[in-house]
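First comes the structure, then the notes that go with it.
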Amino acid sequence: MTFAGSLVERLIEEQTRGDAARSDEVREALLAAIGPDALTVRPGSADAQRVKSLLVGRGLWSQYLEVGIGPDPEVFTKGPVLSAVGFGQPIGVPRFSDWSNPEPELVLIVDSSGTPRGATLGNDVNLRDVEGRSALLLGVAKDNNGSTAIGPFVRLFEGDFTIDSLREEVIHLAIHGDDGFSLMDTSNMGQISRSFEELVRAVHGAHHQYPDGFALFTGTLFTPTVDRGRTGEGFTHKLGDLVEISSPHLGTLSNVVGRSEEIPRWEFGIGALMEHLGSVR
């Protein structure tokens, strides 16, 4: 919930209970009720508190608004260690989802002390119908076989390339379907509502440690709303979609959409890694 545009779409999922057919109707009513600037306040600020009070009075407060403009960001474990897929590998959408989308994101690579050491690109594949039914289904919506993609490489901070180089980075998304559908859009990291440092502090500190470091997805501005099928139902993935996420400093991450149940299973975990390392002479 680090970009206002993405926050609006989470609210729509919640209001429609995951029903894509109602997304246009709810989007129009929601934006009319809250106004175009309500979600651009600094999270946790006095202005944000005033917006919260106003929305509570209108009966419009939401768990998504709490993490979007409240004092604490939403942070959660997207995928277990070694479960992410890389460049060229298929990403997965389960059979039980009919409304899904990519989430192109800048990913910080952070060491065990909480210091960002580099960055890469990521696709935080999302099941909008599942999360829309209940935010308590976040694990089901976010963590599936092939649902986390990162790459094409990790670029370490060195010389002129620093974390400051990424504060205005433009993330490009291109989707090309076997049905002839194409979609292109961009996200500008300059529009993020919480700084990289604030997000890192929410994840790592005296309250929570990562002895091996972690990859921090920093959020997405982009939630595609262009109709792909019936009018008013917006975008959803189809099998065979080519998803390309790119930026000037970090190259291009490219993956094709498949079924989570049919793409290669995740079988190389920590146990397999230890066995492999023990066999190397």
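The values are calculated or read from the model by the stated rules, or taken from the named source; none is laboratory data. The shown structure was predicted, so the numbers you read here are calculated from the model rather than taken from an experiment. All Cβ positions, glycine included, derive from the backbone under ideal geometry; neighbour counts span all protein chains shown. The protein model used for the area step is the full one, side chains on, heavy atoms only, and it has no ligands, DNA or RNA in it. Shrake-Rupley method; radii C 1.70, N 1.55, O 1.52, S 1.80 Å.
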task = Could you please state how large a percent of the accessible area of segment 172-244 is carbon and sulfur, counting protein chains only and using a 1.4 Å probe?
result = 51
key: Apportionment of accessible area to carbon and sulfur, segment 60-117, percent (1.4 Å)   = 54
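Taking only the alpha-carbon atoms of segment 166-220, what semi-axes of the equivalent ellipsoid follow from 5 times the gyration tensor eigenvalues under a square root, in whole Å, largest first? Let's see the in-between values first.
Values: eigenvalues 199, 46, 12 Å².
After diagonalising the Cα gyration tensor, the semi-axes are 32, 15, 8 Å.
Return one whole number: the accessible area per residue of segment 131-233 in Å², for a 1.4 Å probe.
Details: 5300 Å² over 103 residues.
Using a 1.4 Å probe on heavy atoms only, each residue of segment 131-233 averages 51 Å².
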key: Top positive-direction residue, dipole computed over the chain with Cβ charges, set Ala20, Val140, Gly92   = Val140
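Give the calculated FRET efficiency between Ser165 and Trp61 to the nearest 0.05, with a Förster radius of 25 Å applied to their Cβ-Cβ distance.
Details: r = 37 Å, r/R0 = 1.50.
That gives a FRET efficiency of 0.10.
Taking a ≥ b ≥ c as the square roots of the Cα gyration tensor eigenvalues, with a/c under 1.5 meaning rounded and otherwise prolate when a/b beats b/c, else oblate, which class fits the chain?
Details: a/c = 1.66, a/b = 1.22, b/c = 1.37.
Because a/c hits 1.5 or more and a/b fails to exceed b/c, the chain counts as oblate.
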task = Could you compute the FRET efficiency for Arg265 and Ala46, with r as their C-beta to C-beta distance and R0 at 45 Å, rounded to 0.05?
result = 0.35
task = Check the straight Cα-Cα distances from Lys238 and name the lysines below 26 Å, setting aside those fewer than 8 residues away within the same chain.
result = Lys78, Lys142
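Give the residue list of chymotrypsin sites (Phe, Trp or Tyr not before Pro) in segment 69-128 that are DSSP loop and have at most 12 other beta-carbon atoms within 10 angstrom.
On the way: sites: Phe76, Phe87, Phe96, Trp99; in loops: Phe76, Phe87, Phe96, Trp99.
Sites meeting the loop and neighbour criteria: Phe76, Phe96.
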ask   = So for segment 123-281, what percent of the C-alpha to C-alpha distances run longer than 19 Å?
value = 68
task = Please label the shape of segment 20-161 as rounded, prolate or oblate, based on the square roots a ≥ b ≥ c of the eigenvalues of the alpha-carbon gyration tensor (a/c under 1.5 means rounded; beyond that, a/b larger than b/c means prolate, else oblate).
result = oblate
